[in-house]
1. Just subtract the alpha-carbon distance of Asp167 and Ala193 from 0.36 nm times their residue separation and send over the number in nm, one decimal.
2. If I stretch the segment between Arg276 and Ser160 completely, what's the gain in nm (0.36 nm per residue apart, minus their alpha carbon distance), one decimal?
3. Tell me, Glu236, Glu335 in order of fewest to most beta-carbon neighbours within 10 Å?
4. Give me the distance in nm between label points sitting 7 Å out from Cα along the Cα-to-Cβ direction at Glu208 and Ala176, one decimal.
5. Could you line up Tyr136, Tyr387 from fewest to most neighbouring Cβ atoms inside 10 Å?
6. What are the extents of the Cα atoms of the range 6-240 along their three principal axes, in Å, largest first?
7. Test of understanding: ordering Arg51, Arg163 by Cβ neighbours within 10 Å, fewest first, what list do you get?
8. Hey, got a sec? Which GluC sites (Glu not before Pro) in the range 75-146 land in a DSSP loop and have at most 16 other Cβ atoms within 10 Å?
Amino acid sequence: MDVLPPLVTGVLLFVVWGTTAVRLIWTRHGAVNSRQNAFLVLASITMLLSRSWVHQPLDTAFGLGMSRHLGNAVIMLAFASLFSLVVAWVLGPERWPGVHVASMLGAAVLGLALLALGAPASSAGERIETFGGWQYPAYFGIYAIPSLTFAGAIVGISVSGLRRTTDRPDRRVFGALLALACVAAIDTTSMVAAAVMSALGVTNGFTEFRVAVNGIPTMFLLIAMCIFAVRPAVREALIGFGLDADSRMRRRLTPLWQTLSAAVPEVVLELRPADRSALPPAMALHRMCVEIRDAMLVLAEYPQFGRFPPAGEDRDLSIAIGLHLSCLARAGGEEPDGGRDSVVPTVTGHDHIMSTSVDLRSEARELSRLAHVWERAGRMARNWVDYRESVLA
């Protein structure tokens, strides 16, 4: 991270820390989420160790580069956590229940070896790349083990997933994972190759470039994985704050639902308050749409519904006015057409309110058109009733 401007490192820190905070708050349950969160916490520590106000005191106290050695050890733990995450995601957490502990312990042992190999260079006040000796290639060889293990596992899983699935979103996920794994493998392999070349006394543009950028590709890989991980957390956060599409649609339909459910309370599907609040937004929206549509079917049997036959551009407004008139009639104790002496109920109003939707989203959009004119239709219905009563009086 040494060659990156402070503004860039600040933005990267914000991305990693923000992703970690959002996931720790909103996605904490399940083996996959817990392992993903463990990876993000470790990635956040790695980014923290790259900041000058953190690594300078550490380097002053323990020797030049010790903060970097510690950061590399934490990166190895992050790769181990990511490896166990992939295993849990693909095979299920029950398949290899001890893989997380085993991989983390293995990475911890390798991390201690990394600190031991970097200690002589830190004590001498030099970077591991310029210190030379056998410690340099051994250092990066050990560092490469978790990275290459992770990359190899992801490549195998991604290629297998791309072969067996035809679902486009899944193929995009496997393709992104495959690209990340290939970049990680190329970066790690080139880093180890440069270390071996330097140990053999070979110095050229390639080795100098690797020394200058060591650690930077890994950091950007961590950023890419954080961005990949933040989407479900953001979705959960939006749901928690009621800002997701289903919750917004429910708020839009609430005035319509309140009027209709008050007029026809028997259509409301009773649930305990705790169960109702625990419903996912999509399920809650589905229940609301069902209750609205059931109430409309009941109210369409009242003769008042046909006072303003739905037609043309004002179809939704006409239906809304008819529903309001039926609500007022029902509240006044009037009976629907089906309650009269006729053997067959009059159900012609049903033709205008039957749903033409094929899924929840289209049904909600169809009802939202009624909700859009609901308040204006209520005023018009009450004015019409007041006018009718004044004429009859």
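1. 5.5 nm
2. Computed gain between Arg276 and Ser160 is 37.7 nm.
3. Glu335, Glu236
4. In this crude spin-label approximation the distance works out to 3.8 nm.
5. Tyr387, Tyr136
6. Dimensions of the range 6-240 along the principal axes of its Cα atoms: 52, 37, 34 Å.
7. Arg163, Arg51
8. Filter output for the range 75-146: Glu94, Glu126.
Quick note: the coordinates plus some simple rules give every number you see, no bench work behind them. Bear in mind that the values here come from a model prediction, so they are computed numbers and not experimental data. Counting neighbours? That spans all protein chains shown, and the Cβs are built from the backbone with ideal geometry, glycine included.
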